[in-house]
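Working notes, beginning with the structure itself.
The values are calculated or read from the model by the stated rules, or taken from the named source; none is laboratory data. Everything numeric in this text was worked out from a predicted model, so none of it was measured. Please note: Cβ atoms are built from the backbone with ideal geometry, for glycine as well, and neighbour counts cover all protein chains shown. All accessible areas refer to the heavy atoms of the entire protein, side chains included, with ligands and DNA or RNA removed. Shrake-Rupley method; radii C 1.70, N 1.55, O 1.52, S 1.80 Å.
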Amino acid sequence: MAKKILILNGSPRMKGNTAMLCDSFAKGAESAGHTVTRFDLQKLDIHGCLGCMKGGKDPKSPCVQKDGMEKIYPAYEEADIVVLASPLYYWSVSGQLKTAFDRLFAVAECNPGYANPSKECILIMAAEGDTPDNWKPALDYYEALTGFLKWKDLGRVLAGGVLDAGAVAGKPAVDEAYKFGASL
């Protein structure tokens, strides 16, 4: 069954390693008949959450702030699968991804008890380091996030040892990302 997939690319480098992994994953998913919508968050003007608790009044425009998130909300609502893509920045996701994800709380504000929409989720990350200790804090965050949201973790693509933009080219993780997308 074809799924709607939303990729939130938190990398600030449009031709960086995370972007290349997103490209490969999307090609694989599209080859399997899925619809992929991707947002390169660096290109959008997205402001941090105000913590105002005043969202949720209009499901079509759930946040009181009107900025780049207005493009993301409809795709998020329709998505079956959300791909969180980011370079590893100080053992976590990038600020771009964290800011956008925080703003998705306005969608939960539309629901009784702040219930989040039910989704499946995938993590795609690139990093300079490639040891279990390197990935652990980011994976702990991802697992806590998906656990709290009650989202089903479909898996991860982790590409370590790739600092310079484009360093992931020719690495097994690029093919892994394609195969993962195609396997959905």
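List of remarks:
- Prolate/oblate/rounded call for the stretch 101-184, Cα gyration tensor, a/c under 1.5 rounded: prolate
- When the solvent-accessible area of the stretch 116-163 is split by element, carbon and sulfur atoms take up 56 percent of it, the probe being 1.4 Å.
- F180 accessible area, assembled protein chains, probe 1.4 Å, Å²: 30 Å²
- Fully extended contour minus Cα-Cα distance, from S31 to F148, at 0.36 nm per residue: 39.0 nm
- In the context of the full protein assembly, E78 retains an accessible surface of approximately 110 Å², using a probe radius of 1.4 Å and ignoring ligands and nucleic acids.
- R38 sits with roughly 70 Å² accessible to a 1.4 Å probe, with DNA, RNA and ligands left out of the calculation.
- Cα gyration tensor category, rounded, prolate or oblate, for the stretch 1-82 with a/c compared to 1.5: oblate
- The charge dipole of the chain, taken about its Cα centre with unit charges on the Cβ of Lys, Arg, Asp and Glu (plus for the first two, minus for the last two), comes to roughly 360 debye.
- Degrees separating the helix 132-149 axis from the principal Cα axis of the chain, which is the longest one: 30 degrees
- Above-threshold pairs, the threshold being 28 Å between Cα atoms, out of K66/K171; K4/K150; K60/K179; K54/K136; K66/K152: K66/K171; K60/K179; K54/K136; K66/K152
- Ranking by accessible area, most exposed first, for Y89, Y73, Y141 with a 1.4 Å probe: Y89, Y141, Y73
- Electrostatic dipole magnitude of the stretch 60-145 [Cβ: Lys, Arg +1; Asp, Glu -1; Cα centre; debye, to 20]: 300 debye
- Cα gyration tensor shape for the chain, rounded if a/c is under 1.5, else prolate or oblate: prolate
- Amide H contacts of I124: L84, A85, S86, V157, each under 5 Å away and 5 or more positions distant or on a separate chain (H built 1.01 Å from N in the peptide plane; Pro and chain starts excluded).
- Taking the C-alpha atoms only, the angle from helix 69-78 to the longest principal axis of the chain is near 80 degrees.
- Accessible surface area normalised per residue over the chain is 49 Å², counting heavy atoms of protein chains with a 1.4 Å rolling probe.
- Spread over its residues, the convex hull of the C-alpha atoms of the stretch 1-41 is 48 Å³ per residue.
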